[in-house]
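I am attaching a structure below and will ask some questions about it afterwards.
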Amino acid sequence: MIIQKTREEIELMRESALIVSKTLGMIASEIKEGVTTLYLDKLAEEFIRDHGAVPSFLGLYDFPNSLCMSPNAQVVHGIPNNVPLKNGDVISVDCGAFKNGFHGDHAYSFEIGEVAPEVKKLLRVTKESLYVGITEFKAGNRVEDVGNAIQKYTEAHGYGVVRELVGHGVGQKMHEEPEMPNYGKRGRGKLFVEGMVVAIEPMINMGTRNIKQLKDGWTILTADGKPSAHFEHDVALIDGKPELLSTFQYIYKALGIESNEEDEFRKVPLVL
């Protein structure tokens, strides 16, 4: 069952989502060659708690940390460790925060130092596909309209779209209905309804779409060992149109990047 949120609940969700956004912005200032993911995880937990929230992922289904940190061929659900990041790495950082009874959940893939051009392209196209998908999250459309748009956009570049892992509804629970696959056929799936909130998150591989799992029971890798990219936003359906609750602008501020990619999905300009 899709749980529709009131405007008041959506504003509480926006607060949770923006705590995640600010956490990722803080991580953007700290993530670099030689830093360990376990160190970044500890910083994130402290930051989230300092903002009156608790880490959503810590203990969720017995996950041991506050961040999912997945470098290079790891797709998602990587467990932070003491291995230093290297020049040329890319890494998905997925974060969640719970405050006022609601979760925020989104992710960004970071470059460490000088990254190969073909990997930069993978990240660029994956992030572009996120907004292509968000555009389809509107009144009258269905779940697979979003997935179809993401699939077409990324497969046109020869990339593999992960099937086994999907986006999801989000609210008082981290994972609510509906599941939001990054593939599909237009006109299929549940109809979008006013007040629903979803996490849309393309997980796109440079090579095969096939994946495998490590013995730790969490870490998902590409089957061919090629890099993967992952970007995620929380989006509400308001007045029949998609509205972002999360933002990458804190990340961009830390990295000195200027972007207007989110503007069409905001009624009110974001104030950092």
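Rounded, prolate or oblate, given the Cα gyration tensor of the range 19-162, with a/c below 1.5 counting as rounded?
Working: a/c = 2.17, a/b = 1.21, b/c = 1.80.
Because a/c hits 1.5 or more and a/b fails to exceed b/c, the range 19-162 counts as oblate.
Let me ask another. Report the calculated FRET efficiency for S29 and K121 (r = Cβ-Cβ distance, R0 = 25 Å), to the nearest 0.05. Display every interim value, and only then the final one.
Numbers: r = 25 Å, r/R0 = 1.01.
Calculated value: 0.50.
Based on Cα coordinates alone, diagonalise the gyration tensor for the chain, multiply each eigenvalue by 5, take square roots, and list the semi-axes in whole Å, largest first. Write out the running numbers ahead of the final one.
Details: eigenvalues 131, 98, 61 Å².
Equivalent ellipsoid semi-axes, largest first: 26, 22, 18 Å.
Oh, and also: Determine, for the range 1-124, the count of lysine pairs separated by eight or more sequence positions (or lying on different chains) whose alpha-carbon distance falls under 26 Å.
16
If you average the sequence gap of Cα pairs under 8 Å that are 6 or more apart and divide by the length of the chain, what percent do you get for the contact order?
Values: 691 pairs, mean separation 61.7, N = 272.
Taking the mean separation of contacting Cα pairs over the length of the chain, I get 23 percent.
Related question: Among the aspartates and glutamates, select those whose C-alpha is under 17 Å from the C-alpha of K253, and discard any that sit fewer than 8 residues away in the same chain.
K253 reaches E30, E111, E261, E262, D263.
Same structure, new question: If R₀ is 35 angstrom, what is the calculated FRET efficiency for the pair L60 and R188, using the beta carbon separation as r and rounding to 0.05?
Working: r = 29 Å, r/R0 = 0.84.
Computed FRET efficiency for L60 and R188: 0.75.
Tell me, what HN-Hα J-couplings in whole Hz come from the Karplus equation 6.51 cos²θ - 1.76 cosθ + 1.60 at θ = phi - 60° for each residue of the range 20-31, using x for Gly and Pro?
Result, ordered by residue: 4, 4, 5, 4, 5, x, 5, 4, 4, 7, 10, 7 Hz.
Oh, and also: Can you work out D for the range 98-181 in µm² s⁻¹ from Stokes-Einstein, where Rh is the Kirkwood radius over C-alpha pairs, the temperature is 4 °C and the viscosity is 1.567 mPa s? All intermediate terms of the calculation are to be shown ahead of the outcome.
Working: Rh = 14.5 Å.
Reported coefficient: 89 µm²/s.
Here's something else I'd like to know. With N residues in the range 34-90, what two-decimal value do you get for its Cα radius of gyration over 2.2 N^0.38 Å? Walk me through the numbers on the way to the answer.
Details: Rg = 11.9 Å, N = 57, 2.2 N^0.38 = 10.2 Å.
The reported ratio for this selection is 1.16.
Would you mind pulling out the separation of the Cα centroids of the range 92-143 and the range 203-272, in Å?
Cα centroid of the range 92-143 versus Cα centroid of the range 203-272: 1 Å apart.
Take the chain, connect every pair of alpha-carbon atoms lying under 10 Å apart with a spring to form a Gaussian network, then pick out the residue of D50, D41, D94 with the largest mean-square fluctuation.
D50
Tell me which residues come under 5 Å, amide H to amide H, from G96 once H is placed; ignore anything under 5 positions away on its chain.
Here S56, F57 satisfy the definition.
Any idea what the dipole of the range 112-195 comes to, in debye rounded to 20, about its Cα centre with Lys/Arg Cβ at +1 and Asp/Glu Cβ at -1?
On the way: 13 positive and 12 negative charges, 40 e Å.
Using Cβ point charges on Lys, Arg, Asp and Glu, the range 112-195 gives about 200 debye.
Moving to a separate point now. Hey, any idea what % of the chain's accessible area is carbon plus sulfur with a 1.4 Å probe?
Values: 5920 of 11610 Å².
Looking at the chain in its full context, I get 51 percent from C and S.
Still on this structure: Skipping prolines and chain starts, which residues have an amide H placed within reach, meaning under 5 Å, of the one on G167, given they are 5 or more residues away or on another chain?
When sequence neighbours closer than 5 places are left aside, the close amide H contacts are M180, N182, E201.
Turning to a different aspect of this structure: Please report, to one decimal in angstroms, the Kirkwood hydrodynamic radius of the range 137-187 built from all distinct Cα-Cα pairs.
Numbers: mean 1/r = 0.0866 Å⁻¹.
Computed over Cα pairs of the range 137-187, the Kirkwood hydrodynamic radius comes out at 11.6 Å.
Next up: Cα to Cα, under 12 Å, and not fewer than 8 places away if on the same chain: which aspartates and glutamates meet these conditions relative to K138?
Within the straight-line limit of under 12 Å, K138 reaches these aspartates and glutamates: E194, D239, E243.
Quick one: what do you get for the range 124-272 if you divide its Cα Rg by 2.2 N^0.38 Å? Mind showing how you got there, number by number?
On the way: Rg = 15.5 Å, N = 149, 2.2 N^0.38 = 14.7 Å.
Output field value: 1.05.
What three numbers, in Å, describe the spread of the alpha carbons of the range 198-272 along their principal axes, ordered from the longest?
Projected onto its principal axes, the Cα set of the range 198-272 covers 45, 33, 23 Å.
The values are calculated or read from the model by the stated rules, or taken from the named source; none is laboratory data. Small disclaimer: the values here were computed from a predicted structure and weren't measured. Don't worry about glycine lacking a Cβ; one is built from the backbone with ideal geometry, like all the others, and counts go over all protein chains shown. The accessibility values were calculated without ligands, DNA or RNA, using every heavy atom of the protein model including side chains. Shrake-Rupley method; radii C 1.70, N 1.55, O 1.52, S 1.80 Å.
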